[in-house]
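The values are calculated or read from the model by the stated rules, or taken from the named source; none is laboratory data. What you see is a predicted model; the values in this text were computed from it and never measured. In this analysis, Cβ positions are derived from the backbone assuming ideal geometry, glycine residues included, and neighbour counts consider all displayed protein chains. These area figures cover heavy atoms from the full protein model, side chains too; ligands, DNA and RNA do not enter into them. Shrake-Rupley method; radii C 1.70, N 1.55, O 1.52, S 1.80 Å.
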Amino acid sequence: MRTPVLDTLRPFVRIGARLYWRIRLEGTQHITADGPLIIAPNHVTYADPVLVWLPIRLRVHFMAWDALFDVPILSWLIRRLRAFPVQLESADPRSTREAVRLLQAG
């Protein structure tokens with residue numbers, strides 16, 4: 001399933017990342033085309049969540065720090081980009097269950 005907002009932004013973000021960070025995408029041929037798939041960036045920069053979806057052509061969902069959902073405009077935006085909250089300070093079975101549900105749904 002496509003992600004219209006991300007698909008629209010993808011070429012612009014790719015060009016920007018290529019020019020600004022000189023990013024090169026390697027090994028993308030190993031990304032499955034039919035999912036499900038977990039991508040776990042190591043957060044070298046705050047741009048990691050944006051950059052990891054560049055080569056992904058599947059419907060993308062993000063786990064995001066629950067404190068980000070307390071910021072009104074940011075909360076609205078990340079929910080539109082299919083993010084769901086995860087608590088970082090303690091075990092969070094709700095986010096784990098949501099991740100499993102999304103994986104099972106493909």
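Here is how the numbers come out for the structure above:
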{"quantity": "Every pair of residues 6+ apart whose Cβ atoms lie under 7 Å, when the first sits in segment 7-27 and is part of a loop (DSSP other than H, G, I, E, B) while the second is not charged (D, E, K, R)", "calculated": "23/17; 23/51; 25/54; 25/55"}
{"quantity": "Qualifying positions in segment 75-84 - in a helix (DSSP H, G or I) and either in contact (Cβ under 8 Å) with a residue 60 or more places away in the chain or open to solvent by less than 100 Å² (accessible area, probe 1.4 Å) (or both)", "calculated": "75, 77, 78, 80"}
{"quantity": "Qualifying residue in segment 85-94 (condition: of a type in the set (Asp, Glu) and loosely packed, with under 11 Cβ neighbours inside 10 Å)", "calculated": "yes"}
{"quantity": "Residue satisfying all of: in segment 35-74; surrounded by fewer than 16 Cβ atoms within 10 Å (Cβ to Cβ) and touching a residue at least 60 places away in the same chain (Cβ under 8 Å); nearest to residue 12 (Cα to Cα) among these", "calculated": "38"}
{"quantity": "Extreme residue, farthest from residue 106 (Cα to Cα), among residues of segment 9-25 that are modelled with pLDDT under 85 and either of a type in the set (S, T, N, Q) or open to solvent by 70 Å² or more (accessible area, probe 1.4 Å) (or both)", "calculated": "24"}
{"quantity": "Residue within segment 88-106 that is of a type in the set (A, V, I, L, M, F, W, C) and either in contact with a helix residue (DSSP H, G or I) (Cβ under 6 Å, 6 or more places away or on another chain) or closer than 21 Å to residue 13 by Cβ (or both) present", "calculated": "no"}
